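A quick write-up on the structure given underneath.
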Amino acid sequence: MKFSVLLPTRNGGKYLESSIESVLSQDYQDMELIVFDNANTDNTAEVVNSFFNDKRLKYYRTERVVSVTDNWNNALKKSSGDYVLMMGDDDFLLPGYFDTLDKTITENDSPDGISYFGYSFIYPDAVDNSVGYYSDPHYDYEKRLIDSGKTTKNQLKSIVYDMFKFKNRVPLNTLPHIWSRKVINRVDGELFRPPYPDHFALNAIFLKANSWVFSEEKLYIIGVTPKSYGHYVFSDNDQKGGEDYLGISGDFPGQLPGSALINNMYVWLQLLKNNFPNYLDGVQISRNGYVRHQLHYWISQYRHGSIDLKDLFHRLGLLTLKDKLGLISAVWDKRSILALYAMFKTPNPSKIDTFYYGPQQLKGILTSSDLYNKVIRKKIL
């Protein structure tokens, strides 16, 4: 078996048909699609049943609800492909996905992993928006990664080391990457671990990989729907709901209020360091990077009215003297300058702020609530 596509789902029946169709509509036979139903109570079984004539589809179900991480590991254990992809029940593979990657694998002597470009789509009502937005591309890789051909082991380690500075050079979702079975097997213990199973797994694999290819091909659409974790992360008042969705609850000494994404990044970085001491000896989590990112988030919250000026100053008062001194370096940081500049601009609550919503550059607007399905079904992108 060449490819295994893992599709764990928790009550994602509303979007699941499009995701499954995007995989099984492709004329590529040496693959399997594993749908793992996490004790769903919606129409998941009915949707899956409509595809049961396709022998590439394999369907499993838990009898009780398990954590997102456990469901991902369950799906991985049922797979047998030489290369593994994890996708969400609101994601979509573009036509030619398997043929393109098969060719890339052959041309590059079976690398440990491949990363590629794609689109993202924020569904209406997913993050306090009444219309849909799309991004082209979802994530723009550094030119030096694309031009390097086969990325070396040391280059991959440098990507992980930069994570400890809170500098993301690759998207941390699973959909933009495919991993070989051989590199997955090099990771001791469970591949997916909380708080963010995709973030831990990708960085663990980068540490264990010997070769990697960054391709310019656009092969996917990543979705953010009202049921996905991105909805909780980017909604002002429901970050606790996101932790409940993943079944996680983590804290650490010196934790600051603000972005759950940044706080949980600190947690999984520490987990990574504890599990790979030989690779990360001497690598420390940057407190300055952590504080700076939370400050950016506080400014975004202030601009969007979820905290007032009093709340902002209260949070600034939580910073230690060392934290404040560390922020001096932010004077030379372009993102910090833009954040401070934006703080004094009048926010427009009717528009999604690209800074507030992180790395996704929301370059297009989709005004029809059903255009998501039209886009992927007609394969316009």
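No lab work stands behind these numbers, since they all come straight from the coordinates. Predicted, not measured: the structure shown is a model, and the values here were computed from it. Here Cβ is always computed from backbone atoms with ideal geometry, including for glycine, and neighbour counts include all displayed protein chains.
Taken over the Cα atoms of segment 148-187, the convex hull encloses 102 Å³ per residue. Pairwise Cα separations in segment 1-91 fall into 5 Å bins from 0 onward with the following percentages, short to long: 3, 15, 29, 28, 18, 6, 1. Peptides 109-120, 316-327, ordered by how many other C-beta atoms sit within 10 Å of their residues on average, highest first, read 109-120, 316-327. Which of the three applies to segment 1-45, rounded, prolate or oblate, going by the alpha-carbon gyration tensor with a ≥ b ≥ c and a/c under 1.5 meaning rounded? Since a/c reaches 1.5 but b/c is at least a/b, the shape of segment 1-45 is classed as oblate.
Diagonalising the gyration tensor over the Cα atoms of segment 78-141 and scaling each eigenvalue by 5 before taking the square root yields semi-axes of 29, 14, 10 Å, largest first. All C-alpha to C-alpha distances of segment 43-187, sorted into 5 Å bins beginning at zero, yield P(r) values of 2, 6, 13, 18, 19, 18, 13, 7, 4, 0 percent in whole numbers.
Each peptide among 152-160, 139-147, 97-105, 201-209 gets the average number of other Cβ atoms lying within 10 Å of its residues, and from highest to lowest they stand as 201-209, 97-105, 152-160, 139-147.
A protection proxy built from the mean count of other Cβ atoms within 10 Å ranks the segments 66-77, 300-311, most packed first, as 66-77, 300-311. Taking Cβ atoms as reference points and 10 Å as the exclusive limit, the residues near VAL183 contribute a net charge of +3, counting Lys and Arg as +1 and Asp and Glu as -1. Label point of TYR59 set 7 angstrom out along Cα-Cβ; within segment 1-31, amide nitrogens under 18 Å from it belong to 5-25.
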